[in-house]
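Enquirer: One structure follows; several queries about it will come next.
The values are calculated or read from the model by the stated rules, or taken from the named source; none is laboratory data. Keep in mind that this is a model prediction, so the values were computed, not measured. For neighbour counting, all protein chains shown are included, and Cβ atoms are generated from backbone atoms with ideal geometry for every residue, glycine included.
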Amino acid sequence: MMVFKSEYFDSILPLQIIIASLVFIFASYPVGSLLNACDKQKINSANMAAVLAASIIMNLILIPKLQAVGASITVLGTSILLFILGLIWVPKIINCRYGAILKVAFKSLAAAALMSFVLFYYQHILNIFILIPLGGFIYFAFLYIIKGYTNADVISIKNSLVRKNIQ
């Protein structure tokens, strides 16, 4: 079953590029929050101003040549730029354990790779409304198996979601 008609085919590549930028957009958020929390708002604002300037320049160059694909490339490029500019300051503020970060990232990527493989294999066999929950289940189940998160993490999340009676 096709969800979209053939008129939407030209939007596939721009959407794929923008989806790739989500990784950097989400990763930039805690970096920016760290800068703000550590009284480095000026640095964070300067980073954003640099990204804004890069976005304007890239859009002026890429949109006339590549239309929506050019705009999508700008989103990806500026998302990466904001993340890199923020990361330059992180080691100056806190002591990072890059090995631990890479270990978590590897586990997440391994779970995502397995999920992607299964979804790719079944994409023409199963309905999208079955694939989406299946993908989520595979991702979190495999992540649990490879100890990407623990029972303590699940309990912590549950406790933060459960409303406590305050008397």
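Enquirer: In this structure, does Val69 turn out to be of a type in the set (A, V, I, L, M, F, W, C), touching a Pro at 6+ places or on another chain (Cβ under 8 Å), at pLDDT 95 or above and more than 30 Å from Ile138 (Cα to Cα)?
Expert: yes
Enquirer: Being over 24 Å from Phe26 (Cα atoms) and without any contact (Cβ under 8 Å) to a residue 40 or more places away in the chain is the filter here, so list the residues in segment 121-151 that pass it.
Expert: Tyr121, Tyr122, Gln123, His124, Ile125, Leu126, Phe129, Ile130, Ile145, Asn151
Enquirer: Starting from segment 18-42, keep only residues that are under 29 Å from Ala68 (Cβ atoms), then list their pairs with residues that are polar (S, T, N, Q) whose Cβ atoms are within a distance under 6 Å, requiring at least 6 positions of separation or different chains.
Expert: From residues that are under 29 Å from Ala68 (Cβ atoms), the pairs are Ile18/Ser72; Ser21/Ser79; Phe24/Ser79; Ile25/Ser79; Gly32/Asn44.
Enquirer: Further question: Looking at Ser108, Ser45 in this structure, which one is in the same structural domain as Tyr139 (by TED's automatic domain parsing) and surrounded by 12 or more Cβ atoms within 10 Å (Cβ to Cβ)?
Expert: Selected residue: Ser108, the only one of Ser108, Ser45 that is in the same structural domain as Tyr139 (by TED's automatic domain parsing) and surrounded by 12 or more Cβ atoms within 10 Å (Cβ to Cβ).
Enquirer: Can you list the helices (runs of 4 or more DSSP H) lying wholly within segment 90-167 that have 2 or more residues being closer than 30 Å to Lys40 by Cβ and either modelled with pLDDT of 90 or more or among the polar types (S, T, N, Q) (or both)?
Expert: Output list reads 98-122, 151-161.
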